[in-house]
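Following: one structure in structure tokens, then a few remarks.
The values are calculated or read from the model by the stated rules, or taken from the named source; none is laboratory data. What you see is a predicted model; the values in this text were computed from it and never measured. Cβ coordinates were reconstructed from backbone atoms using ideal geometry, including for glycine residues, and neighbour counts include every protein chain displayed. The accessibility values were calculated without ligands, DNA or RNA, using every heavy atom of the protein model including side chains. Shrake-Rupley method; radii C 1.70, N 1.55, O 1.52, S 1.80 Å.
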Amino acid sequence: MTSQDEFYMRRALELAKRGEGATSPNPMVGAVIVRGDQIIGEGYHQRFGEPHAERNALLACTEDPAGATMYVTLEPCCHHGHQPPCVEAVIAAQIGRVVVGCGDPNPKVAGRGIRILRDAGIEVTENVLAAECRALNRVFMHYISRGMPYVTLKYAMTLDGKIAAYTGKSKWITGEAARAHVQQERARHKAIMVGRGTVQADDPRLTCRIPGEPSPLRVICDTNLSTSISANVVRTARETPTLFATCCQDDAKIAAYESAGCRVWQLPPGADGHPDLTLLMQKLAAAEIDTLLLEGGAELAWSMLKAGLVQRVQAYIAPLLLAGANAKSPLGGAGFPNPAAGMRLRDPVISQIGDDFLIEAEVAGDVHRDN
């Protein structure tokens, strides 16, 4: 690996990021084709189902790419999906060298793409800016390797850790800028999930309010299917896809929700008597839901954390104090018995949004399931 390799891989990463929000459930990928010290072609995966980065870069070449070097953030695919294998296009173009950012964990690829290129006589250099390339596609890496959506737990709280006043009133803790940022997050996720208690307390719509952006699938965890038929999420189910996850076996009750346009998934109860959340995540992944924004409530958030189903936390913090011994906090449940047993977060990033602050961090390691 040379400094030149890193330079062009950074350019490929810049290109890959342009596909954010449009390639799901495929990864974001960028490609740059270089001869000498000149870029002769570049491209990125622009939208799911459309040509991949390697083919777009080849199509954009200003001269014959034979013998040139291709930089690509992810191992080229070698299987037929919505598009033909990229390795075929690279070999046909007689590329002389391929520099790969990181491997593809997809079992259909997983080293085979690199092996095919080498068998064709192409020099391959691996793991250039590998950490950055993996981080770019942390959602895809998790989705493919775990068969689960990448889950982000999101909440807004005061500086003293309250999500509502002791009266239950919570509008508004954060300012307009932070609330607008939440809409951007909803636009980036394929699904949004809350518990029945949140629907009962706030009657939210759980939609993306950015013009032109689709709303995520609304997932409501409702053990006994007791959400009011007049709730916003039910009334608008024909406009915005809505799914209820329940343990309810009452066919007549289920039919009422389905008649309103909702989907209902009957799931077996987990150890806590509520719908089995691991199975729910697996079923969502099978439906190509690769990202999920978990917006509450406190008990559901705890259950997801306890089950090891949360990968990222986003905490919007307002410079506000509410106090109150009975005022709600973001997480419920039994909790961990001591700080050493608690769940650690890593790689925190702090941003200021208007007068509020956003702290984002990754969940480090496995949850302590036995506590």
Next item on the list: Check residue 161 against each of (1) surrounded by fewer than 18 Cβ atoms within 10 Å (Cβ to Cβ); (2) over 28 Å from residue 317 (Cβ atoms) and name the one condition it does not meet.
Entry: (2)
Next item on the list: Can you give me the number of residues within the range 180-212 that are under 24 Å from the mean Cα position of the chain (by Cα), within 20 Å of residue 329 (Cβ to Cβ) and of a type in the set (D, E, K, R)?
Entry: 1
Note to self: Just checking, does the range 126-146 include any residue being of a type in the set (A, V, I, L, M, F, W, C), over 30 Å from residue 97 (Cα atoms), open to solvent by 20 Å² or more (accessible area, probe 1.4 Å) and under 20 Å from the mean Cα position of the chain (by Cα)?
What the structure shows: no
Next item on the list: Evaluate the range 21-35: report whether one residue or more is more than 22 Å from residue 107 (Cα to Cα), in a loop (DSSP other than H, G, I, E, B), out of contact with any strand residue (DSSP E or B) (no Cβ under 9 Å at 6 or more places or on another chain) and modelled with pLDDT under 90.
Entry: yes
Checklist line | Sole residue being open to solvent by 10 Å² or more (accessible area, probe 1.4 Å), touching a strand residue (DSSP E or B) at 6+ places or on another chain (Cβ under 7 Å) and small (Gly, Ala, Ser), chosen from 111, 96, 168 | finding: 96
Notebook entry, point to check: Looking at the range 332-339, is at least one residue surrounded by fewer than 16 Cβ atoms within 10 Å (Cβ to Cβ) and not in a loop (DSSP other than H, G, I, E, B)?
Noted result: yes
Next item on the list: For the range 254-273, state whether one or more residues are among the basic types (Lys, Arg), closer than 20 Å to residue 143 by Cβ and surrounded by fewer than 20 Cβ atoms within 10 Å (Cβ to Cβ).
Entry: no
Item checked: Every residue from the range 237-267 that is of a type in the set (S, T, N, Q) and either closer than 19 Å to residue 191 by Cβ or touching a strand residue (DSSP E or B) at 6+ places or on another chain (Cβ under 9 Å) (or both) -> 240, 242, 246, 249, 266
Margin query: Step by step: first the residues of the range 282-302, then only those that are crowded, with 22+ Cβ neighbours inside 10 Å and assigned to a helix (DSSP H, G or I), then the one that is nearest to the chain's Cα centre (by Cα). Which residue is that?
Written below: 284
Notebook entry, point to check: Restricting attention to the range 146-194, which residues are in a helix (DSSP H, G or I) and of a type in the set (A, V, I, L, M, F, W, C)?
Noted result: 177, 178, 180, 182, 187
